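Just below is one structure, and these are the notes that go with it.
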Ligand SMILES: *[C@@H]1O[C@H](CO)[C@@H](O)[C@H](O)[C@H]1NC(C)=O
Ligand SMILES: *[C@@H]1O[C@H](CO)[C@@H](O)[C@H](O)[C@H]1NC(C)=O
Ligand SMILES: *[C@@H]1O[C@H](CO)[C@@H](O)[C@H](O)[C@H]1NC(C)=O
């Protein structure tokens, strides 16, 4: 029995071109995804030999197939329970998985996407990991009866809210502030923060807006910011700066300079 196994091993090493090495898959090991932006995962077949016959090719995640092609090049897409919208494309041995946008639960190191090929020249597979960049969506701000408040929507992955008034950093403990966080079913975090300011500070008559800023817990950078002012100053709307909307920075500067 042992001799047979040894003989088999010898046979394998005598013919180093096993079927495994004839065909390879080319994928990007990691892909960076911007929030709300389309992202494409390509899986390209490359063979050193002629006569490659693909019998099956598929993209999957967590052993759940997302789409596949059969030997007749018929493409099948499997809709899953997750809310993210995707489609697949196939041409000449390249299968692409295209997401309208990548959601937090489907990204990260621990959630690789696998491309697998079945062919007459081997059965290789490769992984692509999608890293969602930190981000934030719309920011809302209002001045309530107790003080200013702001809400950061569609935040990823997480952040801390800091308040400023002119050059004063209110996070030093001089003013009480509260924060509430929640995660929606798509994995986005909503962060609401509000100040409770003592009336003796006469904050209601302050013409200087409160600055409410979100500092990412990952990069330690301020990724979003809004100025909170009384409705008579700006119609109840705050200004927003988001790391992905540079135009907003310019607009809020313009606004700020016009009114101050
Ligand atoms: C795969 O092919 C596509 C389309 O030809 C190309 O855009 C992409 O960069 C290729 N990807 C890799 C990992 O080779
Ligand atoms: C404001 O204060 C907080 C808490 O002490 C600190 O973490 C943060 O870095 C400060 N921000 C600035 C811009 O000074
Ligand atoms: C608010 O303060 C932070 C921290 O100092 C700063 O990075 C940000 O630009 C300010 N935001 C606005 C809208 O002025």
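What to note about this one:
- Tallying residues that are over 14 Å from the mean Cα position of the chain (by Cα), crowded, with 16+ Cβ neighbours inside 10 Å and more than 16 Å from residue 54 (Cα to Cα) within the stretch 84-101 yields 3.
- Filter result for residue 182 (assigned to a helix (DSSP H, G or I) and over 30 Å from residue 45 (Cα atoms)): no
- Within the stretch 185-210, tally of residues that are touching a strand residue (DSSP E or B) at 6+ places or on another chain (Cβ under 7 Å) and surrounded by fewer than 18 Cβ atoms within 10 Å (Cβ to Cβ): 4
- Filtering the stretch 102-111 to residues that are part of a loop (DSSP other than H, G, I, E, B), surrounded by fewer than 17 Cβ atoms within 10 Å (Cβ to Cβ) and in contact (Cβ under 8 Å) with a residue 40 or more places away in the chain leaves only 111.
- Test: residue in the stretch 98-119 that is at pLDDT 95 or above, assigned by TED's automatic domain parsing to the domain that holds residue 33 and either on the phi > 0 side of the Ramachandran plot or in contact with a helix residue (DSSP H, G or I) (Cβ under 7 Å, 6 or more places away or on another chain) (or both): no
- Residue in the stretch 220-237 that is within 16 Å of ligand 2 (Cβ to nearest atom), within 20 Å of residue 171 (Cα to Cα), modelled with pLDDT of 75 or more and over 27 Å from the mean Cα position of the chain (by Cα) present: no
- Breaking point among (1) within 17 Å of the chain's Cα centre (by Cα); (2) at positive phi; (3) within 15 Å of ligand 3 (Cβ to nearest atom), for residue 187: (3)
- The set of residues from the stretch 179-206 being within 16 Å of ligand 2 (Cβ to nearest atom) and under 24 Å from residue 135 (Cβ atoms) comprises 179, 191, 193.
- Of all the residues in the stretch 187-208, those that are modelled with pLDDT under 90 and touching a helix residue (DSSP H, G or I) at 6+ places or on another chain (Cβ under 9 Å) number 2.
- Extreme residue, nearest to ligand 2 (Cβ to nearest atom), among residues of the stretch 146-177 that are more than 20 Å from residue 206 (Cβ to Cβ) and part of a strand (DSSP E or B): 160
The values are calculated or read from the model by the stated rules, or taken from the named source; none is laboratory data. Quick caveat, the model's predicted, so the values are computed rather than measured. Here the Cβ is made from the backbone with ideal geometry for all residues, glycine too, and neighbour counts use every protein chain on show.
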